[in-house]
1. Per-residue Cβ counts within 10 Å, from other chains only, averaged over B:46-53: what number is that?
2. Shielding by partners for B:75-84, please: the mean number of other protein chain Cβ atoms within 10 Å of each residue's Cβ.
3. Report, in deg cm²/dmol and to the nearest 500, the calculated mean residue ellipticity at 222 nm for the protein assembly as shown, where each DSSP H run with n ≥ 4 adds -39500 (n - 2.57) and the sum is divided by the residue count.
4. For a test of the definition: using alpha carbon positions, the gyration tensor, and the 1.5 limit on a/c, classify the protein assembly as shown as rounded, prolate or oblate.
5. With the label 7 angstrom out along Cα to Cβ, how close does A:A31 come to the same site in each of the other copies, in nm, nearest first?
6. Go ahead and set up a Gaussian network model of chain A, Cα springs under 10 Å, then flag whichever of A:V265, A:V22, A:V228 fluctuates most.
7. Take every Cα-Cα distance within the range A:2-44, group them into 10 Å bins from 0 onward, and report for each bin the whole-number percent of pairs it holds.
8. List B:L129, A:L155, A:L318, A:L63 from most exposed to least, where exposure is judged by having the fewest other Cβ atoms within 10 Å.
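A short reminder: the numbers here are calculations on the coordinates, not readings from a lab. Since the structure is predicted, the reported quantities are computational estimates derived from the model, not experimental observations. Every residue, glycine as well, gets a Cβ built from its backbone with ideal geometry; the counts of neighbours run over all protein chains shown.
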2 protein chains.
Amino acid sequence: MGDVAAAAGVSLKTVSRVVNGVGYVSAETLASVQAAIDQLGFRRNEFARQLRQGTAATIGLVLEDVADPFYSVLTRAVEDVALEQGYLLLSASSAEDPSRSRRIVESFSSRGADGIILAPARGTDPEFLRGEIAAGCSMVFVDRPVPGIPADTVLAENVGGAREGTAHLIAHGHHRIAFFGDQESVYTATERRTGYCEALEEAGLESDEAMMVLAAPREAPAELIDDVLEAADPPTAIVAGNNRWSVRLLRHLKERGQRPLPGFVGFDDFELGDVLDPGITVVAQDPATMGRLAAELLLRRVAGDEAPHEHIRLPTRLIVRGSGELPGPFAER
Amino acid sequence: MGDVAAAAGVSLKTVSRVVNGVGYVSAETLASVQAAIDQLGFRRNEFARQLRQGTAATIGLVLEDVADPFYSVLTRAVEDVALEQGYLLLSASSAEDPSRSRRIVESFSSRGADGIILAPARGTDPEFLRGEIAAGCSMVFVDRPVPGIPADTVLAENVGGAREGTAHLIAHGHHRIAFFGDQESVYTATERRTGYCEALEEAGLESDEAMMVLAAPREAPAELIDDVLEAADPPTAIVAGNNRWSVRLLRHLKERGQRPLPGFVGFDDFELGDVLDPGITVVAQDPATMGRLAAELLLRRVAGDEAPHEHIRLPTRLIVRGSGELPGPFAER
DNA sequence: GGCCGGTGTGTCAACGTTGTCACAGAGCGA
DNA sequence: TCGCTCTGTGACAACGTTGACACACCGGCC
């Protein structure tokens, strides 16, 4: 900036005014400064600006894995909001590892993130997060909350959605329904299992531990699935607790050549679910809206909004495509 | 840092030494400084550090759309390399819009990105990129190059892969094969079409413009597809130029209830391609390796590696699953 | 004429860190 | 004893920007 000032024969401050478009600058001064800027290829040094201003117009996004379509769609929505409002977005995958997640949050926060949208990994230390918030880094939780932390949350209607999906199978004549969800320590997994159990109970059906698998879909051994499918009293229908489990199970069923196909309802939609035959009935979430709302909420906080914390529950939507309507043994006709 | 120094009764510089673990500090001084740091919850201000050091240990990643599974997997791989080497990753989707892409690159670069991995949007101004590189921001192009720019590239074997996929259909008795690819201005689209044309030519088949659609898969009207499928001399097989087109076409074929199913080979693998019936034969790329190699290459450049630019071509792999082996009218038996 | 607000420009300090230099004591070999 | 290296610490400037403040000029109004 000094060079530009010298070239244009003005003071540093005047160049600063031109660059930022604030304050009074005469037309001719402006022109000569602009010319000097263009000629020298000057670019404002953001580090110095950030240091001086104490802010970086940056937000962070930490979620389990960008390669998961649920999160990648959410990421894109956050990106769009951030770009629109002139914020830079930092993002990283926690890989569901609390220490990696913590490292990421620390690095974002020390790099001046004004706020962070966080899908907390299971086992995240609440005290740590509390400290970050106290240090001035706003937080919005998406997909999963951390109980007792003063922050906004944007979650899906996990219990209600899973209840509806399960009830849908029951209504089509299934009484013996298996549930496959993520590890017990994952919030959404237990919420959705709760919804599943509620639906069974409402229908007067007994829930059976042997019909519930809670494990990481990527790591669960195939035997775990076979144990359920080949139980003495096997299920006639399946509820998948997330899109990873849906894909895993559908692949497994195809490999087994399972016939007749069990009734199937997946939580969270996934690509090609409509193209499979039968189409896969799902309880769809809306990751794009989730991301957009979280980003807008966070940016409001960053801008100084002190209103009470919001706890948004996004409704789910049952999309009927065939697999959830395969008649069970107790179907009316 | 001043507060810590005061609390520990030492100079600023000594605190700096403790924080960075460089230089000589006596055990007891270290202990008292550490205590002061912990007590005050001190965190180094990265802005000031960056200003002083002139670097931010940051790299950027700009691609078309994180919500596209190809790019989301690539992103995850880049993330992992960056994290491993202590770099922060900035990433954003260009939405295939040159001006958005440019804005993103500028913002990354002015925020001190030491280098950028770029999947250049079609129509990206080479002069602009040249300027960024001259300004000290290393670049690695993934998926698509920008001709004439001094930078490393990591690309897929587009021509060879498409040729192999098309030849595979021909070998199974198809002589009339349609090609659906991205807009003509997209590098990979024309490369893959070239491979497709080469395979036809090698087999002594005539290529027919009416059998080639080059359009954005999201925006192409359904009639465009129907025009091809319902041509006077309709295709018996289809090559899809990317995973977006594969999904679009498979959905379209299902909606039409098209029978018999045309032979089908997709460029780039996609989730559930193996679960569909028949399984979808694809020419698979390896986005994770592409991302990893690009990130490693970029970090080497950032670290000062001045070796000649590398131009890596990642091989593709034909995965046979059924749709590409449906016999065509000229099948031998 | 004196005062005012609007316009245009410059000086200076400060943001928080780290590299350079300086200094001082201890240990040691010549 | 001198000079050397190793250890431990501090003073100070500099990174490039911007906010606070000061100043000077102009036209208009009482």
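1. Details: counts 9, 14, 4, 3, 8, 8, 2, 1.
Per residue, the number of nearby Cβ atoms from other chains is 6 on average.
2. Mean shielding count: 4.
3. Values: 24 runs with 288 residues, N = 666.
Only helices count here, giving -13500 deg cm²/dmol.
4. oblate
5. Going from nearest to farthest copy, the values are 7.1 nm.
6. A:V22
7. 34, 62, 4
8. Ranking B:L129, A:L155, A:L318, A:L63 by Cβ neighbours within 10 Å, fewest first, gives A:L318, A:L155, B:L129, A:L63.
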